[in-house]
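Q: Before I ask anything, let me first share the structure, which is written out below as structure tokens.
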Amino acid sequence: MKFVSFLMLCIFIVSCNQIKSNNETYIAPTVKIKNERFYSPYCIYFLNKEDSISVLKIKNIVLGLLPNYKLVDSTSNQIEQNEYSIVQFSNPKSDYPAPDIEYLKHSAHALTQEEMEKLQYSPRATLITFFGTSENVIADHVQINSIIDSLIKPYSAIVTDYVTYESFNKKSWNSDRVSNFNKSHQDITSQFTIHVYRETKFCRAVTLGMGKFCLPDISINDISCNDRDSYANLINLLGQTWLEEPKIIADSTIFVDIGRIKNDSVKTHLNNSLLENAQKKATIRLKSVAPKEGDSYNNQFQIIFNQKGFSSPQEEQQTLISKIFGSIDEIEYINHDDEILAASKRAKQKLPKLQNLFNEGLEPGYSLLLKAPFETDDGGTEWMWIEVSEWTNSSITGILQNDPFEISGLVAGAIVKAKQEDIFDYIYYLPDGTSEGNETGVIMSRNK
């Protein structure tokens, strides 16, 4: 594991926001959340033996784009100092190994199989680490991206950002990093990544890379693994809000509003994700937490869900997601004819295998939904999907994925139970966006 030790201090400066309510203006105290320093390490791995970059060439390029940065052997940790260091490796496979192929499959940007394989045997590498102040952090990272772009452009090389652990060839670095973050277009969502992984019964999402902009990383615990895209949109909304206005209310809340986002591409992406009745804004509750193992060594704020009136944090999460991004629920009345029942029988036969898969531990990107019966207020049955969070013997616990139409007191996000013998169908989601199962749903759609 690669790491760089550095001193990190937080600025907590109280200012004020105006909030108008009932024709009165309330001055809400705010707190600035920027760190005083950042660090950004990038390792350039050359794929050909004849390629290399001299220290003099790097110095000249940095001097032209970041003239106030001083070359040092190691960081001084002086708060007001802008610095960078250079380390050359003649045997990176042993001295500073690149991410392995399995990791690259999930983190690389448009690398070919040949590039990933050659990267494992890179003949030499150059690590460039920038340490800077918060004063001009956005402008400085525009230039840092351009410096890396200039350094790799003449060569067959791969650059790995060792804050986000993403790897790029020269084409994807230019398209994904340089083009998305320049003087006129600053999309912070292109500069960090979101790590989503299963943690006990549910999933956790955490950013890697916000610290490059002297901002806290963002995490959410105990979320639906199946709904990870919605939580990524929530994190992206908060991340871009902080880039444009780095502060929170003094009570550790922040008001986010898609309509107030200045960056057009982020706003367009978020607007394109909206469903029915989306309000596009909400207040988010936060708390400062210590990074977990594997997180960036950076300040971190967790979006929290513990208000009274909800049956579970997942119900509160779903309420927030639905408030900002909207939701769609529809009810279908279907006759369980022979064809539907035959498809359901085939699904039931696969349940033991699915149970084993789930209990062996689903990798990131996989999730399992089961269709289960729920008794309605009038004694009927409403079939709804639940995302499995626990499966012991024949007892299944999971997150309700639908808002029921005919059951009072039950909403999406509630933690519910079902029996294996009552399951009607399944959907097994894969990381590439495809899915298996739901044969009964296909038949129902065809017969509409």
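The values are calculated or read from the model by the stated rules, or taken from the named source; none is laboratory data. Just so it is clear, the structure is predicted and the values come from calculations on it, not from any experiment. Reconstructed Cβ throughout: ideal geometry from the backbone, glycine too, with neighbour counts over all protein chains shown. Remember, those area values only see protein heavy atoms, side chains included, never the ligands or the DNA or RNA. Shrake-Rupley method; radii C 1.70, N 1.55, O 1.52, S 1.80 Å.
Q: In sequence order, what are the phi-derived ³J(HN,Hα) couplings for segment 58-74 according to the Karplus relation 6.51 cos²θ - 1.76 cosθ + 1.60 with θ = phi - 60°, rounded to whole Hz, with x for glycine and proline?
A: 5, 4, 5, 5, 5, 4, x, 10, 10, x, 8, 9, 9, 6, 9, 6, 8
Q: Nearest 20 debye, what's the magnitude of the dipole of the chain about its Cα centre given +1 on Lys and Arg Cβ and -1 on Asp and Glu Cβ?
A: 1580 debye
Q: Which value in deg cm²/dmol, rounded to the nearest 500, describes the helix-derived mean residue ellipticity at 222 nm for the chain, given -39,500 (n - 2.57) per DSSP H run of n ≥ 4 and division by the residue count?
A: -7500 deg cm²/dmol
Q: With a sphere of radius 12 Å drawn around the Cβ of residue 330, what net charge do the other residues whose Cβ falls strictly inside it have (Lys, Arg +1; Asp, Glu -1)?
A: Here the count lands on -3.
Q: Could you give the angle, 0 to 90 degrees to the nearest 10, between helix 228-244's Cα long axis and the longest principal axis of the Cα atoms of the chain?
A: 40 degrees
Q: Then there's this: Any chance you could give the angle, 0 to 90 degrees and rounded to 10, that helix 351-360 forms with the longest Cα principal axis of the chain?
A: 30 degrees
Q: A further question follows. By how many degrees, between 0 and 90 and to the nearest 10, does the Cα long axis of helix 137-152 differ from the longest principal axis of the chain?
A: So the inclination is approximately 80 degrees.
Q: Here's something else I'd like to know. Using a cut-off of 11 Å between beta-carbons, work out the net charge of the residues near residue 396 (Lys and Arg +1, Asp and Glu -1, residue 396 not included).
A: That sum, taken over residues with Cβ under 11 Å, equals -2.
Q: Please give the charge dipole size of segment 251-391, origin at the Cα centre, charges +1 on K and R Cβ atoms and -1 on D and E Cβ atoms. Round to the nearest 20 debye.
A: 720 debye
Q: Right, next: Could you sort the peptides 181-190, 160-169, 270-279, 143-152 by per-residue average Cβ neighbour count (10 Å cutoff), highest mean leading?
A: Ranking the peptides 181-190, 160-169, 270-279, 143-152 by packing returns 160-169, 143-152, 181-190, 270-279.
Q: Among (i) 24.4; (ii) 29.4; (iii) 22.5, find the value of Kirkwood radius over Cα pairs in Å that was calculated from the structure presented, and write down its label.
A: (i)
Q: Still on this structure, I have one more. Over the chain, what percent of the accessible surface lies on carbon and sulfur atoms, probe 1.4 Å?
A: Answer for the chain is 48 percent, counting heavy atoms of protein chains only.
Q: Same structure again: Accessible area per residue, 1.4 Å probe, Å², for the chain: what's the number?
A: Accessible area per residue, the chain: 49 Å².
Q: Would you work out which of 400, 111, 147 lies farthest towards the positive end of the dipole of the chain? Charges go on Cβ: Lys and Arg +1, Asp and Glu -1.
A: It is 147, whose Cα lies furthest towards the positive end.
Q: Enumerate the amide H contacts of residue 30 below 5 Å, restricted to partners 5 or more residues apart or on another chain; note that Pro and chain-start residues carry no placed amide H.
A: 15, 16, 17, 250
Q: If each residue of separation counts as 0.36 nm, what is the full-extension length gain between residue 274 and residue 120 once their alpha-carbon separation is subtracted?
A: 51.3 nm
Q: Please give the Cα centre distance for segment 108-160 versus segment 352-372, rounded to the nearest Å.
A: Going from one Cα centre to the other spans 38 Å.
Q: Another question, if that's okay. Less than 11 Å Cβ to Cβ from residue 239, Lys/Arg counted +1 and Asp/Glu -1: what total charge do the surrounding residues give?
A: -3
Q: Using each residue's phi in segment 183-198, evaluate 6.51 cos²θ - 1.76 cosθ + 1.60 at θ = phi - 60° and report the 3J(HN,Hα) Karplus result to the nearest Hz, with x for Gly and Pro.
A: 4, 9, 9, 10, 9, 5, 5, 7, 10, 10, 10, 10, 8, 10, 8, 7
Q: Still on this structure, I have one more. From the phi of every residue in segment 326-336, what ³J(HN,Hα) in whole Hz does the Karplus formula 6.51 cos²θ - 1.76 cosθ + 1.60 yield, where θ is phi - 60° and glycine or proline is x?
A: Those phi angles translate into x, 7, 10, 9, 9, 10, 10, 9, 10, 7, 6 Hz.
Q: For 175, 445, give me the order by solvent-accessible area with a 1.4 Å probe, most accessible first, ignoring ligands, DNA and RNA.
A: 445, 175
Q: Out of residues 5 or more away from residue 122 or on other chains, whose amide H comes under 5 Å of its own, with H placed 1.01 Å from N in the peptide plane?
A: Amide H to amide H, under 5 Å and 5 or more residues apart or across chains, residue 122 pairs with nothing.
Q: If you average the C-alpha positions of segment 185-230 and of segment 245-307 separately, how far apart do those two centres end up, in angstrom?
A: Value for the Cα centre distance between the two parts: 11 Å.
Q: In percent, how large is the relative contact order of the chain, given Cα pairs closer than 8 Å and 6 or more residues apart?
A: Over the chain, the number comes to 12 percent.
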